[in-house]
1. Can you name the residue in region 47-65 that is of a type in the set (D, E, K, R) and under 18 Å from residue 13 (Cβ atoms) and, of all such residues, is modelled with the highest pLDDT?
2. Give region 10-42 a look and list any residue that's of a type in the set (Gly, Ala, Ser) and under 16 Å from residue 57 (Cα atoms), or say none.
3. Just to verify a result, which residue in region 1-53, among those that are among the small types (Gly, Ala, Ser) and outside any loop (DSSP other than H, G, I, E, B), is nearest to the chain's Cα centre (by Cα)?
4. Check whether at least one residue in region 18-31 is touching a helix residue (DSSP H, G or I) at 6+ places or on another chain (Cβ under 8 Å) and at pLDDT below 90, and report yes or no.
5. Quick one: in region 37-58, which of the residues that are without any contact (Cβ under 8 Å) to a residue 24 or more places away in the chain, in contact with a helix residue (DSSP H, G or I) (Cβ under 8 Å, 6 or more places away or on another chain) and aliphatic (A, V, I, L, M) is most open to solvent (accessible area, probe 1.4 Å)?
6. If you check every pair at least six apart or on different chains, which have Cβ atoms under 9 Å apart with a residue in region 24-36 that is within 16 Å of residue 6 (Cβ to Cβ) first and a residue that is in a helix (DSSP H, G or I) and open to solvent by 40 Å² or more (accessible area, probe 1.4 Å) second?
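The values are calculated or read from the model by the stated rules, or taken from the named source; none is laboratory data. All figures in this text were calculated on a predicted structure; none of them were measured in a lab. Heads up, the Cβs are rebuilt from the backbone with ideal geometry, glycines too, and the neighbour counts pull from every protein chain shown. Quick note on the areas: whole protein, heavy atoms, side chains included, nothing else; ligands and nucleic acids left out. Shrake-Rupley method; radii C 1.70, N 1.55, O 1.52, S 1.80 Å.
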Amino acid sequence: MQNNEDLLQQAILFVQEVEHISVSSLQRKFLIGYQQATELLQCLIENKICEAKLTVGLGYKIQLHLNKI
């Protein structure tokens, strides 16, 4: 199992490749369970990497720009 900091860093790299993210996309990408994916998504929202507003059918819009890393 990956530790949370490593997983968060990998998720930040992953979101640079997509426009929207969801719990299920995190589960598929990182082969993690629902609870861990939900917590990871919450960290991304808290760090303002993605919006807190869900777009039905798409997920959460990414608001991270490459020049902020």
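1. 48
2. Within region 10-42, 22, 24, 25 qualify.
3. 11
4. There is at least one residue in region 18-31 that is touching a helix residue (DSSP H, G or I) at 6+ places or on another chain (Cβ under 8 Å) and at pLDDT below 90.
5. Within region 37-58, the match that is most open to solvent (accessible area, probe 1.4 Å) is 52.
6. 26/38; 29/10; 30/10; 36/4; 36/27
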